[in-house]
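Each remark here refers to the structure printed beneath this line.
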Amino acid sequence: MKTKLINLLKQVFPSTYTELAVFLFFLTCYGILGSYIALHYRIIFDSRIPWDAYFSFDNKAIVMTGGSFERHPLAYYFFNWVREFSLLISGGKMDTTFRLTLAWLSNTAISLCMVQIFKYLKNITGLPLTISLLIILFFGAFSTNIILSFTPENFTYTLLLLSIYNYYAAVKIKRDEKMPGSALTLAGITIGGLTITNLVKVFIPVLFEKDLFRSWKKFGNAVFRVALTMVCFVFLYLLRIDFKYENIFSKTNQQYEKFSNVESIPDWDMMLSYFFGGSVLFPSFMTTDKHNMKGFDFKGLLMEPYSSSFCYAFIIGLLALILWSYFKNFKNKLMQILAISFLIDIVIHCIMRFGLHTSYIYGGHFVFVYPLLLGWLFNSYRSHQKTLSFLMATMVILLAFLLANNLFRMSDFFQFLETYYQ
């Protein structure tokens with residue numbers, strides 16, 4: 001038991017000097033950003049603003065309740081701990097120190113996520129240090145990671161948990177080991193508990209266990225582990241709502257109708273600008289008039305579709321690399337796990353159109369797939385120097401554009417804060 005705990009800690013936290021350097025680098029960069037926002041502006045947590053202050057995040061509602069039970073069934077318990085810890089640090093006041101604590105919890109979570117992605121690139125795909133660092137810098141500059149690094153939201157911790165789980169699962173699959181029932185159950189409760197649609201992602205690695213469909217014994221064992229996870233999850237979910245299961249269906253239908261019937265922008269543009277793009281590369285922003293339904297009016301910030309052909313070219317280029325990686329590594333089980341995970345979100349948001357008009361906020365559910373698929377692309381050409389050089393040059397160009405664009409857009413974000421949230 002002690003050995004397993006030590007191995008788990010080594011897997012979640014930095015275990016080498018290089019991993020520690022990656023963690024401290026992002027902790028410092030994100031920490032400076034989040035600390036400045038928490039100390040000078042009230043947007044991270046304002047008791048008067050329950051939702052939609054920026055990019056449709058629900059900061060106050062999430063911190064106070066964990067969010068709606070039909071989409072975030074067990075988040076209530078997790079955010080009770082987050083809120084109580086932050087109140088402990090702030091002396092029971094929801095003030096600047098409270099905001100600062102929330103920001104640093106988010107900062108730590110996203111920085112640990114960077115460590116998980118770096119571990120995967122280094123230990124699973126076996127990339128050289130230079131390429132791993134290039135990809136992790138590229139990933140670290142994603143708009144989702146920048147925003148979530150100071151935002152107390154379900155997406156922040158979902159991104160961390162999914163990154164941890166995918167690295168853990170990759171280690172198991174690479175060693176031809178099965179996913180332990182305890183790990184499946186823990187992942188199902190935590191990942192599915194924060195956002196229910198991610199529950200199915202927990203079971204994807206089980207499909208790729210060695211000889212699963214060639215042995216009735218192994219298949220039966222897998223069914224038992226999945227069933228055990230589902231039973232534990234469903235019981236805790238029903239316990240959370242006092243076993244009033246009929247509320248789940250009515251609330252879910254309401255949410256789907258609310259977030260799936262927006263026709264203001266063509267679907268293809270919302271897919272490129274918001275789903276595939278907005279979670280990586282900031283578009284321009286627009287302000288909107290909001291109210292908290294209790295007499296308080298405030299300004300909100302939303303993303304617009306891309307207005308520059310360079311932005312569309314960036315996203316199309318990135319997607320081309322992702323597709324290249326997919327077809328090049330089609331027979332790779334670990335790559336298929338990532339692709340299926342990504343496909344689930346594509347179906348939910350692009351095909352079913354749930355929240356497609358604000359799908360950039362769902363980046364915490366899938367953006368970790370981008371750097372890992374890029375890692376597999378580099379891995380497949382590790383002995384082809386010319387192609388490797390081309391990929392390196394392409395990544396450097398993409399990174400330069402990403403940094404320039406996202407830093408410029410963050411200046412717009414700070415102008416918004418200066419105007420409305422001092």
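Read the figures in this text as sums done on the coordinates, not as results from a lab. Everything quoted here is computed from the prediction, not taken from an experiment. Here the Cβ is made from the backbone with ideal geometry for all residues, glycine too, and neighbour counts use every protein chain on show.
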_Per-pair calculated FRET efficiency, R0 = 25 Å: Y245 and H291 via Cβ, rounded to 0.05_ = 0.15
*What percent does the relative contact order of the chain come to when contacts are Cα pairs within less than 8 Å and at least six residues apart?*
21
_Gain upon complete extension [V200, L9; 0.36 nm per residue less C-alpha separation]_ = 66.3 nm
*Could you name the lysines in cross-link range of K2, using Cα to Cα under 23 Å and dropping any fewer than eight places away on the same chain?*
K10, K119, K172, K178
*Tell me the label-point distance for the pair K93, D211, using the 7 Å Cα-to-Cβ offset, in nm and rounded to one decimal.*
6.5
*asked:* Straight-line reach from K290: which lysines fall under 22 Å, measuring Cα to Cα and dropping same-chain residues less than 8 apart?
replied: K60, K258, K299
*asked:* Run the simple label-point estimate for V223 and V396 please: 7 Å along Cα→C-beta, distance reported in nm.
replied: 5.5
*Over the residues of segment 152-254, compute the C-alpha Rg and express it relative to 2.2 N^0.38 Å.*
1.18
*Can you give me the pair-distance distribution of segment 297-355, C-alpha pairs, 5 Å bins, whole percents?*
4, 14, 14, 18, 20, 14, 8, 4, 2, 1, 0
*Under 1.5 on a/c is rounded, so check that first for segment 299-399, then, if it is not, pick prolate when a/b is larger than b/c and oblate when it is not; a ≥ b ≥ c are the square roots of the alpha carbon gyration tensor eigenvalues.*
oblate
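Please work out the FRET efficiency for the pair I351 and A313, using the Cβ-Cβ distance as r and a Förster radius of 22 Å; give the result to the nearest 0.05.
0.35
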_Label-to-label distance, nm, for residues given as T419 and R382 (7 Å Cα→Cβ offset)_ = 5.0
*asked:* Tell me the mean residue ellipticity at 222 nm calculated for the chain from its helices only (DSSP H runs of n ≥ 4, each -39500 (n - 2.57), averaged over every residue, nearest 500).
replied: -20500 deg cm²/dmol
*Scale the Cα Rg of the chain by the rule-of-thumb value 2.2 N^0.38 Å and send over the ratio, two decimals.*
0.96
